[in-house]
Amino acid sequence: MLDASDSHPDIHWPSGFSPDQAHSFCQAQAVVHAPPATAFALLADVTRWPGWVPGITEARTGPLPRTFEVLFHEQRFEIFVGEHEPPRRLGWSGVGAGVQLYQAWLFTAVAGGTHVVTANVVRGPAAQSLNALSPMWAQRLNTLWIAQLKRLSESAPHESDA
């Protein structure tokens, strides 16, 4: 399992959600062979998440700008977007039954595409219970999520393809 020293230096952790305050901390990264705007747009289109984000069966925009709700493994989460800098960074805080989280995404242009990093901090009794049962649950979830984003981004039409 990662510790706080493994955190990407460009992640802006909100107060109370640094990796050293987490019950679970993980990150995943990949090079996506698509422009940053393509990968960012796919991730920012929350209403399409049930079709590709692991464990999400429902997603809808919230009543306020930059809010949304998701149903993740039958648990409802209210999400508040704290960082939205297209196409470079996206970050949100979430609250569910017994869980508080912060997830950050970074998109950096590199030769041949985009270096994507996602990292999250999860706190609360539910996170502690999951870690006791399966210490690598969050890492597996992030790895699958970034693999899906990579697959969709690489198969999406790009501006240069038009």
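Under the Karplus relation 6.51 cos²θ - 1.76 cosθ + 1.60, θ = phi - 60°, what is the ordered set of whole-Hz ³J(HN,Hα) values for the stretch 108-120, x standing for Gly and Pro?
10, 5, 9, 4, x, x, 9, 8, 10, 10, 10, 9, 9
Using a probe radius of 1.4 Å on heavy atoms only, what accessible surface per residue do you get for the chain? Whole Å² is fine.
Ligands and nucleic acids excluded, the figure is 51 Å² per residue.
Viscosity 1.002 mPa s, temperature 20 °C: give me the Stokes-Einstein translational D for the stretch 33-83 in µm²/s, with Rh taken as the Kirkwood radius over C-alpha pairs.
It comes out at roughly 184 µm²/s.
Looking at the square roots a ≥ b ≥ c of the eigenvalues of the Cα gyration tensor of the chain, which shape do they give, rounded for a/c under 1.5, prolate if a/b is larger than b/c, or oblate?
Taking the square roots of the gyration eigenvalues as a ≥ b ≥ c, the chain is prolate.
5 Å is the cut-off here: which amide hydrogens, built 1.01 Å from N in the peptide plane, fall below it relative to His23, excluding neighbours closer than 5 in sequence?
The answer is Val122, Arg123, Gly124.
Within the accessible area of the stretch 1-93, what % is carbon and sulfur when the probe is 1.4 Å and the other protein chains stay in place?
C and S atoms contribute 53 percent here.
Using Cα-Cα distances under 8 Å and only pairs 6 or more residues apart, what relative contact order does the chain have, in percent?
It comes to 30 percent, rounded to a whole number.
Short version: ³J(HN,Hα) in whole Hz for each residue of the stretch 70-75, in order, from phi by Karplus 6.51 cos²θ - 1.76 cosθ + 1.60 (θ = phi - 60°), x for Gly and Pro, what are they?
Karplus values, whole Hz, x for Gly and Pro: 10, 9, 10, 6, 6, 10.
For the stretch 57-100, what's the radius of gyration and Dmax over Cα atoms, in angstrom?
Considering the stretch 57-100 through its Cα atoms, Rg and Dmax are 11.0, 32 Å.
The values are calculated or read from the model by the stated rules, or taken from the named source; none is laboratory data. Computed from a predicted structure; not experimentally measured. Each accessible area value is taken on the protein alone, full model and side chains, heavy atoms only, with ligands, DNA and RNA left out. Shrake-Rupley method; radii C 1.70, N 1.55, O 1.52, S 1.80 Å.
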